[in-house]
Each structure stands twice: as structure tokens, then as C-alpha cells.
Amino acid sequence: MADHGKPDSKLSAQSPEEPASVQVKPISKSAGGMTAAITAAKYAFKEMGVMRGARTLLQLNQKRGVDCPGCAWPEPDDERSHFEFCEEGAKHIADEATTRRVTPEFFKRWSVAQLSQQSDQWLNAQGRITQPMVLREGAAHYEVIDWQDAFGLVANELNSLAAPDEAIFYTSGRASNEAAFLYQLFVRQFGTNNLPDCSNMCHESSGTGMKETIGFGKGTVRLEDFDLCDAIFVIGQNPGTNHPRMLTSLLHAKRRGCKIVHINPLPETGLTRFKHPQEFWTWLGEGTKLADLFIQVRVNGDVALLKGIMKEVFDAEERRPGQVLDREFIEKYTSGFDEFKTALAKVHLGDILEQSGVKKSQLEDAGRIFIESERVIFCWAMGLTQHRNAVANIQEIVNLMLLRGQLGKPGAGLCPVRGHSNVQGDRTMGIWEQPADEFLNKLSIEFNFEAPRAHGLDTVHAIQAMHDRRAKVFFALGGNFLSATPDTEYTAKALRRCRLTAHVSTKLNRAHLITGNQALILPCRGRTEIDTQADGPQFVSTENSMAVVETSEGRLEPASEHLLSEPAIVAGLARTVLANRSKVDWDRLIANYDRIRDHIERVVPGFENYNQRVRQPGGFYLPNPIRKREFNTPNGRAHFTVHELPRHDLKPEQFLMMTMRSHDQFNTAIYGLDDRYRGIRNGRRVVFLNPEDISLAGFKDSQAVDLISHFEGEERVARHFTVVPYSIPRRCAATYFPEANVLVPVRHFADKSHTPASKSVVITIHPSHED
């Protein structure tokens, strides 16, 4: 049997295993409060200094301030607090604005092999990279390279390819609208649509599911709707760690009587109780209870659960005909209702209870809250989007909401919560491997060239193309590709098979160490830093989860005089690679970003008067047709859809594993080894298991174990994890990513969206043995 988790190089593609020193402490009883405030201040002041740190935090998420590079939760449209940031945002901004530096001397001291033996946390903690660096073929150390030579190296490799499709151009959600638009223009003028991005790995399933059913792939609510709704369902999401500012909206809703339903395999502290860090008078209390109902669903039991709630809706309609379903909405705005109703009636309640792992009384409670609420918002994140049936997860939510007309009215709608500050904006700007013809037509006319029409490669297929040597150059605009992607050892081998790997980055990460024949690190300015170009200081713009486009303008001096902005790096690269093949005056665009926005205005719908509107305090909203009950589907109606009930027939010794973040990380950036909301101290290689499963398997608390995933006859191994008893459904397991990414097969992804199924991995667990 093949072992696809075995490393093939002395360079470590994974963060080194930690010593067996993990401690399990009592779990925090409430999120936020004094602990969050102190933790944010300590981290910020340690990294940035007290005065510099205080000034930077006070600019964060303010109108005409700095947009937090962290999550994409929106800011209030009207008055904003002076402290419009959370603990995680403070960590993230301090991480970028740190005073620590990674200089050329650092790379002289540390070989690539030595760096690969350090942990992800250690790599991140070294500081900001100050100059462009190159790793020559056969070299052990990175060395300095000037910008033009770096661009020339990329140009030589790209222009020597047999075809443009042999190059991969990845994008992180950190890139601004301006950088993303220039990037996709450069890539398409080069001749390919190979534009995979981080959305492929997170909310691609949301966009796919929603476009098919309602004709729109973004959320349908605004922040103001949280002030009007009667119920909020939070499913497959942990806002306390991943979107902490969302807890403020939930708190305000709860205080005015809104019901909150928390659906997740693990109870999350942030949805149990919350103390607003700015309400110091609440710090000594127990906090406000947020969730009225917690439903502990099995890992990937969401389709079953949602079908169960919908059965409750139909049962109530039978008891009170005409009083539960919104018949007028269904008849006027939807299609497929009869087929959907017939299919749902055939699903057996026993199968629903078995696959979801919940009690009938819990379905009744959730159904009652949904039915009795005139206005309902459904929020979700990657707990729903990273399964084989992820698109079905999203479309079942749509089905449920359509039954009572919960789209296109104030205080109600769909809210996929994005986890990176401009991942939604990047897609709006054209970062997509499957661009629409309308977009390509406008782009071609605007820049007088013929854009390529063949669809490109998404993330998982880009990895496979590199692995098969069909793709030979990899370029990343931000991100930590190796650690963010599935199947770590497979992806490492894919990157090693490239002729060149190049990364636009601010800090050191593992993707810089697992390289092609040659490698480049191209350090860029951060969001917090001043961006001065030929025509003077510039700002950029971003789009949050609720389609608000707003400015971001840094105030700090750049970490090094050698840094370029992301737009400037893209323009320099395009100018050098394309030369006379492009009629674009790249230097003129970089001299004044208003000119980039002028082009965006003429290509991307909804950006009319871009430069004028984005300068208004708070920015502007992009069009949202669902709010007007306009469904841009082929028949102009929202669609009910029919899905089979997913089944997970595990063998007696198997578990269904999900991966997740700790409270001390942002995506792949690891800030520390603690997760106080789950009681973990000094470690990340842990596996959370139900206490009964631990006992039946013959394990002990804190025992060292190896995790083995099973997929189509293949095995992948992650060694030396610590067993932690936890409140999690039977036969389920939870681990942190990126440590467990090695277990996620690259071919195990969602139907239609191709999002890695990182939250549905079949594993067995065995006691660790020293090699």
C-alpha cells in the first residue's frame, strides 16, 4: 500500500515535531474581556513598541485608516469606536508592523536546510524581510538580488516556457484591489488564466453553491441587518477565534432579544459567553450568554441536520396550513419547489438522526426558532465549505431560507463570513481561473488585446500540474502556499519539480524553503506602511464580506528602503516579462493608483465613479441584486435543489477528522502555541477526541499517537500527536492546520468547487513508536 505522506528530501516540508510538553488547562468560560484586551496590548507593544503600537492600533479599521489585513468582517457604516479592532487583528497588525528584521546577513548565517528544521512559529517570528533574495540552483543559502535582476530572472523563465499555461500565478487574499487587478491583467496578457487563489481553498463552495441557486456568489446581508433580525444561525464557524469583531454584532443582537443558534461539532467559547473588551465594567462578571441553542452536529452532518430542520418546517405547515411557508415568495420567485418537497419527504428521519448525530428534540428546537422568527440570518464559514459535499451544504441552507422567503428583505439573508481581508475583492477584480466572458470582453477592449478564453487551473489542479511537470514556474502574490494547501508532502514534491518558484512576501515562511530549481523572495510593503510613488502618497482599497469597498492607507515608514509595494512589483514584473508585447504604460499606472482605479471602473461592474466614491468616509457598497429579489439565474428565479443524504460508513477503528485554527494563529501564521479557548498550552500537535472513544480505543489522556489517513488505498501519516479528551461527537476527531494538512489528499475535494475536503478526512489512530 502506497505511503503518500513520506518526505523525499532532507528539507522539512512540515513544521518540526514538538516535544511532548502539551498541557491541557481549563477552558476559558467566556471570550473577550480583560484577557483579550491585555493579550492584544502585550503582543502589539512587544512587536511594535508602546507608542508606535498604540498609534497603529488606533488607525486600524478607521475611516481613511488602515484596513486590518486579517478577517473580512465589516466596520459600522456610521460612527466607529476608537478601538475598532480585536485581539486577533491586533496580533496580525503587530506581526506585520514588527520592528524585527530579516536581513541579508540573516540568510548568510542560516542555510535553507537549517531554516527548514525550525518551526513555523519561529520562522514567522524572525521579522520582516528587507531585500529581494534569490536561491540559485544548487546553492545552500539565499543571497541578495536587485529588483531588476529579479524581474529579469522571472522573465527569462516565463518567456522560455513552451506555452503560457506552463506557469501558475497564485494570489493570497491580502492583495489589494489595485494589486489584484494589475496582476490578473499581467497574467492574461502573458496568455493564461492559471490564476488559482486562496478562495479555492475556503469559500469557493459558497460562491459555487449560491451562484447556481440564486445567481449571486456573495453574501446578501449588510451589518445593519444584524440590528433587525429575529434569529441568527451560526453554523460551521468559530467567530471567537476567526472573526472576533463579529461577536460585537452578535452581542448587540442578543441584547435586543434576537435568538442565536450555534451549530458546530465543537462547542466554541466565543458563542457561549462574551465580554466586550471595551466594556471594562463587565470584565469581572461571567459575560453575556450568546447562544440560546447549541447543536453539536457530527463532523459533516450538516446536510442531514438541515434536512431535519426543513422537515420540521413542513410538519408545522401541515399543522397550520398557509401560516409557515411563504407561499407567495415561493410561487413568485422560485422554481423546483415540488421536486424538492417530494425528495425531502422520502428522506427517513432515522437516517437524519444517525448521520447528524443530534436528537429529534434539538431539531424541533431549531425548527421552532426558525419558524417563529420573521427575519433570519444564516452565517457560516469553512466548517461547511471543506467537505466533498460542501456545495450541497450551502445549497441546503438556501433551500431552508427560501421556504420562508428569507432573502431580499431587511434583517434576513445569507452571510458567508470570509477569513481574509480582501479575498472577496480579489475575485471581484478578476482573480479567477474561470473568468466570465463579459469580464474578458471588457478587459480586452480596455487594454487592446485578446484575453485568453480557456479556463485555467484552480489550486488543487495547479498542484497536480506542477507534480506532473505540466507546469514549470510558480509565482505567488502573497500567502504561504505550501502550508495552506492540502497533501503537504505531495505539494512539496510538486514545488520541487518547478524550474522557478517565486513569492511576494513580507515575512519568512515554509514556502520559501521548499523550492524549485531556483527561488525568489520578493519582499513587499505592508498595509500599515506609507506607499509613496512618483505622483505622491498612494492608498489602496479592499472589499469586505458585505461588499463594502473602502480605502486603506498606511502611516508607518516602510520596514526597509528596498521594499516595493505589491502594485509596483506586479508592474515591474509585467514591464519586464511582456516588454513590447504589452501596450500598457505600467510605470504611469504605478505613479498614481487613481489611474488603475479608472481602468477598474470601466471593466468591473459596480465601480462607477470609483475614485470619487472610495474617497468618501466609509467607502461604498457594490450592487447586491438579491436585496431587490433579483435572481440572475437562467430563468430569473431562485432554485430549490435536491441532494442525497451524505453517508459516512466508518470502519470500527476509523474516525472522521476535521482541521481548524487555534486562537494563536491567523491562517498559516503561527503567533504562539496556546489556544486558551480550548484549554491547550504549549503545543499544536494535538488530536481532540471524545472521552468515550479514547477509552474504547485503549488510549490515555496525553498519550502520543500517530494519525493515518485513508483514501483510495493510499495512506498518509502525521506523527507524534497528543491525545486530548474533548467535547466532540463520537467517532469524530479535530486537529490544527497546517500540522494535519499532510493527511488531506490532494484529490479529496468538493464536488463542483474543488475546495480541499480538509474537514472530512478518514483516519485511524495508533500509538506512536520511536523510529
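The values are calculated or read from the model by the stated rules, or taken from the named source; none is laboratory data. Computed from a prediction, not measured in an experiment: that's the story for all the values here. Heads up, the Cβs are rebuilt from the backbone with ideal geometry, glycines too, and the neighbour counts pull from every protein chain shown. To get the accessible areas, we keep the full protein, side chains included, count just its heavy atoms, and leave off ligands, DNA and RNA. Shrake-Rupley method; radii C 1.70, N 1.55, O 1.52, S 1.80 Å.
Over the chain, what lengths in whole Å, largest first, do the semi-axes of the equivalent ellipsoid take, defined as the square roots of 5 times the eigenvalues of the alpha-carbon gyration tensor? Could the numbers behind the result be given before it?
On the way: eigenvalues 288, 194, 141 Å².
Computed over the chain, the values are 38, 31, 27 Å.
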How much solvent-accessible surface does GLU75 expose, in Å² to the nearest 10, with a 1.4 Å probe and all protein chains in place? 10
Could you check what % of the DSSP bridge pairs in the chain are antiparallel, to the nearest 5? 45
Descending semi-axes in whole angstrom, ellipsoid equivalent of the range 258-310, from the Cα gyration tensor: 29, 11, 7
At a probe radius of 1.4 Å, what is the per-residue accessible area of GLU364, in Å² to the nearest 10? 70
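For the range 304-415, what mean projected area does the convex hull of the alpha carbons give, in nm²?
Numbers: hull surface 28.5 nm².
Seen from a random direction, the Cα hull of the range 304-415 projects 7.1 nm² on average.
Note down the magnitude of the dipole of the range 229-279 about its Cα centre, charges +1 on Lys and Arg C-beta and -1 on Asp and Glu C-beta and zero elsewhere, to the nearest 20 debye.
Numbers: 7 positive and 3 negative charges, 34 e Å.
Here the range 229-279 has a charge dipole of around 160 debye.
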Rounded to whole Hz, the Karplus (6.51, -1.76, 1.60) HN-Hα couplings of the range 387-397, x for glycine and proline: 9, 4, 9, 4, 4, 5, 3, 5, 6, 5, 4
Using only alpha carbon positions, build the gyration tensor of the range 40-102, then give the equivalent ellipsoid semi-axes as the square roots of 5 times its eigenvalues, largest first, whole angstrom. 21, 11, 10
To make sure I understand the rule: partners must be lysines, Cα under 22 Å from the Cα of LYS442, and not fewer than 8 residues away in the same chain. Which ones qualify? LYS211, LYS218, LYS583
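Largest first, how would GLU157, GLU268, GLU561, GLU553 line up by accessible area (1.4 Å probe)?
GLU561, GLU553, GLU157, GLU268
What number, in percent, do you get for the relative contact order of the chain if the mean sequence gap of Cα pairs under 8 Å and at least 6 apart is divided by its residue count? Don't skip to the answer; put the middle values down first.
On the way: 1765 pairs, mean separation 176.9, N = 771.
Rounded, it is 23 percent for the chain.
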So, R0 is 25 Å and r is the distance between the beta-carbons of ILE38 and LEU58; what FRET efficiency does that work out to, to 0.05? 0.90
Whole-Hz couplings from phi, Karplus 6.51/-1.76/1.60, listed for the range 710-718; x for Gly and Pro: 10, 8, 6, x, 9, 10, 10, 10, 10
So for R0 = 41 Å, FRET eff. of LYS700-SER111 from the Cβ-Cβ r, to 0.05, ends up at 0.55
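So for the range 597-677, considering every pair of alpha-carbon atoms, how many percent are separated by more than 22 Å? Provide the component values of the computation, followed by the final result.
On the way: 2220 of 3240 pairs.
More than 22 Å apart: 69 percent of the Cα pairs in the range 597-677.
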Inter-part distance where the range 115-162 and the range 386-411 are each reduced to a Cα centre, Å: 44
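Which of the trypsin sites (Lys or Arg not before Pro) found in the range 589-664 are loop residues per DSSP with 10 or fewer other Cβ atoms within 10 Å of their Cβ?
Details: sites: ARG595, ARG597, ARG602, ARG613, ARG615, ARG627, LYS628, ARG629, ARG637, ARG647, ARG661; in loops: ARG615, ARG629, ARG637, ARG647, ARG661.
In loop regions of the range 589-664 (DSSP not H, G, I, E or B), the sparsely surrounded trypsin sites (Lys or Arg not before Pro) are ARG647.
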Spin-label pair VAL144/GLU279, simplified geometry with 7 Å Cα→Cβ offset, distance in nm: 5.4
If amide H atoms are built 1.01 Å from N in the plane of the peptide, which residues on other chains or at least 5 residues away come under 5 Å of the amide H of ILE260? ILE232, ASP292, LEU293
Applied in sequence order to the range 747-754, the curve 6.51 cos²θ - 1.76 cosθ + 1.60 (Karplus, θ = phi - 60°) yields integer Hz couplings, x standing for Gly and Pro, of 8, 9, 9, 5, 4, 6, 8, 6
Could you work out the Kirkwood radius for the range 485-605, taking every pair of different alpha carbons, averaging 1/r and inverting it, reported in Å? 16.7
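Which percent, nearest 5, of DSSP beta bridges in the range 675-771 are antiparallel? List each step's numbers first, then the result.
On the way: 17 of 21 bridges.
The antiparallel fraction comes to roughly 80 percent.
DSSP loop (so not H, G, I, E, B), at most 14 other Cβ within 10 Å: list which trypsin sites (Lys or Arg not before Pro) in the range 162-257 pass both filters.
Numbers: sites: ARG174, ARG188, LYS211, LYS218, ARG222, ARG245, LYS254, ARG255, ARG256; in loops: ARG174, LYS218, ARG222, ARG245, ARG256.
Here the sparse-neighbourhood loop sites are ARG256.
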Cβ charges +1 (Lys, Arg) and -1 (Asp, Glu), total dipole of the chain, debye: 740
Going by Cα centres, the range 712-771 and the range 244-283 are how many Å apart? 30
Measuring from centroid to centroid over Cα atoms, what is the spacing of the range 643-672 and the range 43-114 in Å? 29
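Using helices alone, I'd like the mean residue ellipticity at 222 nm for the chain: each DSSP H run of four-plus residues gives -39500 (n - 2.57), total over residue count, nearest 500. Could you put the intermediate results ahead of the total?
Details: 28 runs with 258 residues, N = 771.
About -9500 deg cm²/dmol.
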